[in-house]
Structure formats: structure tokens, C-alpha cells
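A short write-up of the structure that comes next.
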Amino acid sequence: MVGFFRSGNLASRVFDRQFLSPRPGATVNTVRQFYENLVPSYTIYDIDCPDYSFRKFTDDGKYLVAFSRNHQDLIVYRPIWLTFSCHEECDSHDLPANAERFDSFFKQLYSISLASSNEYICKDFFLYMECHQYGLFATSTAQSNDSSATDGAIHGVPSIEKITFYLVRLEDGAILDEKAFCNDFINLAHSIGAYLYEDLVCIVSLRYQTIHVLQIRDSGSLVEVRRIGAFCREDDELFLYSHGQAAQGNSFLPGIKQRLLSYIFRKTWNEEPDQALRVQHLKKKFYFHFQDYVDLIIWKVQFLDRRHLFIKFGSVDGGVTRSTDQNLAFFAVYNMETTDIVSLYQNSSEELYSLFEHYYDHFHANPQNSSHEKFISSHSNSVHALDQLCTIKNKASSSSQQFVKKMMASLPYTCQSQSPSPYFDLSIFRYDEKLISAIDRHRHCTEHPIKFISVRQPNVVKFKIKPGSDSGGSDSRAKRISSFLFHPFFPLALSIQQTYMQPTVVNVHFRR
Amino acid sequence: IIHCLHMYALCYQLSAKKGRAWPESSGTAQTSRPRTAAAAMGSPLGGWPSHNPQNFSQLVPADPSAQPTNVTPTTYIAAHRTDPPANQVITTEPRNILLRHFYQNSENKPRPKRAAPESAALRNGKQARSPADGGSQSSTRS
């Protein structure tokens, strides 16, 4: 790849920047190339830090969110650059011992208690609203496997006694509002069950098959604006009650299901131009599978814009756990204002795959978010990522349908699941995606450090990230999991290695 | 015409100099070729030295009887008014491109009935389902 700057030297690049102007519309991409020169190459191993589970840097880089080990407290730090003072003579090559402390990098702002006695903070759930610096957290009581169908609930989905969402102002730790769901089940792992778009949050209640759309007001209150599931429009329930229908029990299918079925009916009807064969066609395509369509449930939802939702439907057995690609699933685009289903695709649809390949970035477009999120590398904006995708596609030995299903498993997009750090930018660095990537998931540890190789100079390793202690794994049989937290724009990263029955090791990687 | 003759004289001198100062990799025997080829073709650039002698060979006058020196590429002059309409306002479409594609795909003509073997291929395991739409067909680039 031809770089914009004429050489790799930092000083010469700074001089170039004085008189060369970047290509139109590519200012950020061009300036990002400076990250090749400023890398977190220095590591402090096993830093002495409080025993919290660190969750994430917020996308504007202002806060580091952590939870206490007993899952009841929220602790927020502010990342500051390395600052320390020492009395004695400091050696310019090594950091003095009292500088290698967690406090030199992070300043604790506050610690608040979110969960009371029998509730626990869900460690995986965190959504950040950048414009007001609000964070959305969730606490839940223990999960009971009572999956009996009470009124309105469906079979096969477990129940949690109480799930509470808290809106916290991260600046000072004030809890602004809370919203509780009782005897319900919401998939809180990795924030899958909720999606934040501008000031709207949609929360999917799997047990009652309802999509709750909440608005975060500027004052910090959570207001429910829509509830989609049994009824689609706000006045549907009133209409039915006034006509005495609802009292007759569950004779009606839920509103969203009716929309789905009528869409499939109309589409099947229009497929056959010949009047005489229409009924036969309907019988084969629609009525034969009617019960299967009725049994579909909502799995996951995301916003495409303020009015449109992208809903994944599937069968009951795949809904609660992470879905496998064996199950059949459908994707619907639903317009909340007109309550119409705009289009429906099966998860093996080539048409949807071509939209996925070309416009993947629009699945997570969010106008209010920081500009960092617009530059997350994906196969729609990076030639290198597209190359990788095409390699996988060509290598897919099984049918292309299996490949498409596997790719569709990543839709709908999980909100704020990718780190916007430029070190994950595929046009600047190459790295092993199985060991580390922008998606914040726990990964298995390896013995060797993870190398970040420059794309421009393919033989040069720019920096390495090694989780775990300096001496290497003492007991290689123990299962070790590592997770990485990268600051959105500083050359600062935390790598956290957890070993079963042993203390957690936290390393700090930064640029000296 | 005088201007063109003057230009030709200049070109002749330049290419003559070229023969001495810039020996081509293909050998000195070919130095005179660029000049004659370009001049013979009637290129308005005459016999100026060029990297590839065939560069301007495409510019052949359609009418072979026309004078080589009069050959210039014709320019297009519109026969109608090209002003934009007076009240035209160009704005950004508020719906993003992904949604536009979703709406477009749903408005496409209904596809013909699908062949039975394809739905049979999907039958695996417990449930037999045929796709809800024609979306499993090859992608349509819209």
C-alpha cells in the first residue's frame, strides 16, 4: 500500500504534513498513519492494581469502567497519561519503581454501589451514550430455570426474577434513572439484548416477546416510547378492548407476528401471476409451513435508523443461547412508524449477503457517536478486510449457503462491541485475528506475544502485546483466558489474563 | 496554415536533436520513426518525441481525404439548454443507502416460481421449510 507520507520517519512525516494536504475526505485516515510511529511498545508486567474486573474504556476515552469482584459495585477511573513524581534521581532509561503503579495511569473517580443484596451487576453489559456521558448498566437476580408459560410468556425461555437497568452519569456517578423488568428474560451477555442508537434504546424481552423502545431524555430519565410485540401501534390495545375482543383470551396472534405472516402471505400471493395456480402455490409455500412461521420468536434486534428495526427471528431452541448456524432464521426490516415489515430475508439469502458485503458499516452507523466509531475497519471500508473475507469465501469447502449462514450469524450487529482503537485498523496493522481483534471477547491465551505488523512494511513488527507475566506461563496446563482493553486514541492498552484459581494478571502497554 | 508549417519546422528540429542527445533504447535507426509516423497520421502534435510512437496513432481522421493539418477532434455542443431547472434544490437523501436497498428490493417485481429441487436441498433434519421469499436466489445488484 502506498502511504501518503514519503517516509516512515516520524520527524520527516511531521514536516510533510506541513505542506502536503491529504486526499479529499481522507484526512482522518491519513493522520491515522502516525499511529505507525506511536505504538504501545513498552509493557509493565503484572501491575499492582485493585482486584476489580475491568470492563471497558468508553469510546471517547474519558473513563475506564470496572466492577468489583462481588459484582455489586461500579468503579470508574479516568485514564491520565503516565504521571509520577520521585524524590531521588531518576534513571532516564528505566521507570522508577514507584511509577509503575496503577495510580500513575488511572485516577479513581468514584465507586458506587449499584446492586443490592441478592442482585448482581451483569459484568458484560455496558452501553455508553457519548453526548451526555451516560452509561447504561444492568443488574439481575439469579436465573431460575422455570420456563413455564405464565400469562404472555412463551415456553422454553428461562425467567429471571428481576432485571434492572440503571442510567448513570459517569461524570460524577449519579444514578439518574432505573427501569426494572420482573419475571422476564433479557439476554444481557455482551449487551446482546439491548441496542443504543442516538437517544433510543431497544431492549428485547425474550420471555414476553416484546421489544421495548426507551428514550433517554437529556435530563437523564428513561421513558418508554414504544412497546412492540403483542401490539404494534400505541392504540391497538385500546381499540381491541373497546370492541370487547381482548377479554376472550389469547385468540389473537401477537401484532408483530401478524405483520410477519401477512407479509409472507402477500409476497407468496404476488409470486404467482396465474390466478388459477395461486391457491395451490399458497398452499405449498405458505399454509404448509404456517405453524413453523407462527412458532418463530424474536431473537435479537437492532436499529437501522430512528424508525427502522432489524429483527432476527428464529426457533425457540436457538434463541437463548448463542445461535448456531444450523437453525433456520429470518431477518426482517420493520418500520416502527407505519408498523410495516419492509422486507424479509432468510439467513441463507444471497441478496442479504450482498448487502452485508457492501454496506456492513451502515448496520452500525450511529450519527451521534464519536468520529472514532466511523473508522472501525470492516470488510466494507478496508480492502485488506475484504481480501480476508474473500479468501474465507473461496476456501469455504461446504456449500456457499453454509458460508452465508455463518456470516449472517453476526447480524444484527451487537451495539458497541468493537473497539475504535486505531491499532486495530487493518490498513495500518496486521495481526492475528484469532488472538486479538477489535471485538471485545475473551480469548485463549498463547505463550507467545501477539505481534502487530505494519501493512506498509510487511516484515517489520511494530509492537507486541504479551498478556500474562514476564516470566511466561508457569503452569501451561491451566486454562488461561485473556482480554484486551485498548484506549480509543492513546497508545495505551490493558491486557488482562485470568487463570483458573489464580490471581488475575494485568499488564499495561503504553508508549514511553 | 502558416502557423502549422511553423510548428512542423520546430518539430523537425526537435526530433533531429533528439536523435543525437537522447539515444533510444531501441537503437538510433528508429529515431526518425516517431516523427514520420505521427506526421503521417496527421496528429496535431506533429512529430514531437514521444515515449511510444503509437501513442497518437488512434487519432485518425475519419475522412481520409481531409487535409492532415485540419484534423482536430470535434467538440460536442449541446442542442438543448443545459441549465438546471430554476427551483431545483439538491439535498441529501435522509434514508441511508442500506435502507434504500431494502425498500428497493421489496418493490422489485415478484420473481418466478422456484424450482422444486432447490427447496428439497434445504430439507435437513426435522423441519422442512421452503424459504419465505425468493431471496435465496442469486444476488441482484441494485
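What the table below lists for this structure:
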{"read-out": "Close pairs from the range A:256-282: first open to solvent by 80 Å² or more (accessible area, probe 1.4 Å), partner assigned to a loop (DSSP other than H, G, I, E, B), Cβ under 7 Å, at least 6 apart", "value": "A:270/B:110"}
{"read-out": "Yes/no for residue A:400 being surrounded by fewer than 20 Cβ atoms within 10 Å (Cβ to Cβ) and either within 19 Å of residue A:303 (Cβ to Cβ) or of a type in the set (Asp, Glu) (or both)", "value": "no"}
{"read-out": "Every residue from the range A:363-381 that is more than 14 Å from every other protein chain (Cβ to nearest Cβ) and either in a helix (DSSP H, G or I) or surrounded by fewer than 17 Cβ atoms within 10 Å (Cβ to Cβ) (or both)", "value": "A:368, A:371, A:372, A:373, A:375"}
{"read-out": "Residue check, residue A:66 buried (at least 16 other Cβ atoms within 10 Å of the Cβ), part of a loop (DSSP other than H, G, I, E, B) and of a type in the set (Gly, Ala, Ser)", "value": "no"}
{"read-out": "Long-range neighbours under 7 Å by Cβ, at least six apart or interchain, first residue at the interface with chain B (Cβ under 7 Å from one of its Cβ atoms) and within 15 Å of residue A:311 (Cβ to Cβ) within the range A:345-357, second among the hydroxyl-bearing types (Ser, Thr, Tyr) and not in a helix (DSSP H, G or I)", "value": "A:352/A:345"}
{"read-out": "From A:192, A:211, A:186, residue being buried (at least 20 other Cβ atoms within 10 Å of the Cβ), farther than 23 Å from residue A:293 by Cα, in contact (Cβ under 8 Å) with a residue 12 or more places away in the chain and under 23 Å from the mean Cα position of the chain (by Cα)", "value": "A:192"}
{"read-out": "Check on residue A:152, touching a Phe, Trp or Tyr at 6+ places or on another chain (Cβ under 8 Å), outside any strand (DSSP E or B) and open to solvent by 30 Å² or more (accessible area, probe 1.4 Å)", "value": "yes"}
{"read-out": "Only listed residue being of a type outside the set (Ser, Thr, Tyr) and surrounded by 20 or more Cβ atoms within 10 Å (Cβ to Cβ), chosen from A:405, A:451, A:434", "value": "A:405"}
{"read-out": "Complete set of residues in the range A:1-49 that are assigned to a loop (DSSP other than H, G, I, E, B), touching a residue at least 40 places away in the same chain (Cβ under 8 Å), touching a Phe, Trp or Tyr at 6+ places or on another chain (Cβ under 7 Å) and of a type outside the set (A, V, I, L, M, F, W, C)", "value": "A:40, A:41"}
{"read-out": "Complete set of residues in the range B:85-107 that are modelled with pLDDT under 85 and farther than 23 Å from residue A:380 by Cβ", "value": "B:107"}
{"read-out": "Qualifying residues in the range A:268-318 (those that are in a loop (DSSP other than H, G, I, E, B) and among the aliphatic types (A, V, I, L, M)) - the one nearest to the other protein chains (Cβ to nearest Cβ)", "value": "A:304"}
{"read-out": "Selected residue (only one of A:21, A:41 is closer than 30 Å to residue A:75 by Cα and open to solvent by 40 Å² or more (accessible area, probe 1.4 Å))", "value": "A:41"}
{"read-out": "Residue count for the range A:212-234, restricted to those that are farther than 18 Å from residue A:159 by Cβ and part of a strand (DSSP E or B)", "value": "11"}
{"read-out": "Matching residues in the range A:226-244 - criterion: being surrounded by 14 or more Cβ atoms within 10 Å (Cβ to Cβ) and out of contact with any Asp or Glu (no Cβ under 9 Å at 6 or more places or on another chain)", "value": "A:228, A:229, A:232, A:233, A:236, A:237, A:240"}
{"read-out": "Subset of the range B:98-107 [surrounded by 12 or more Cβ atoms within 10 Å (Cβ to Cβ) and either without any contact (Cβ under 8 Å) to a residue 12 or more places away in the chain or more than 7 Å from chain A (Cβ to nearest Cβ) (or both)]", "value": "B:98, B:99, B:100, B:102, B:103, B:104, B:106"}
{"read-out": "Members of the range A:290-318 that are buried (at least 18 other Cβ atoms within 10 Å of the Cβ), farther than 14 Å from residue A:344 by Cβ and among the basic types (Lys, Arg)", "value": "A:300"}
{"read-out": "Answer from A:171, A:161 - the residue that is modelled with pLDDT of 90 or more and over 22 Å from the mean Cα position of the chain (by Cα)", "value": "A:171"}
{"read-out": "Filter result (assigned to a strand (DSSP E or B) and under 18 Å from residue A:415 (Cα atoms)) within the range A:196-211", "value": "A:196, A:197, A:200, A:201, A:202, A:203, A:204, A:205, A:211"}
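The values are calculated or read from the model by the stated rules, or taken from the named source; none is laboratory data. Since the structure is predicted, the reported quantities are computational estimates derived from the model, not experimental observations. Here the Cβ is made from the backbone with ideal geometry for all residues, glycine too, and neighbour counts use every protein chain on show. In case anyone asks, the SASA skips ligands and DNA or RNA and just uses the protein heavy atoms, side chains included. Shrake-Rupley method; radii C 1.70, N 1.55, O 1.52, S 1.80 Å.
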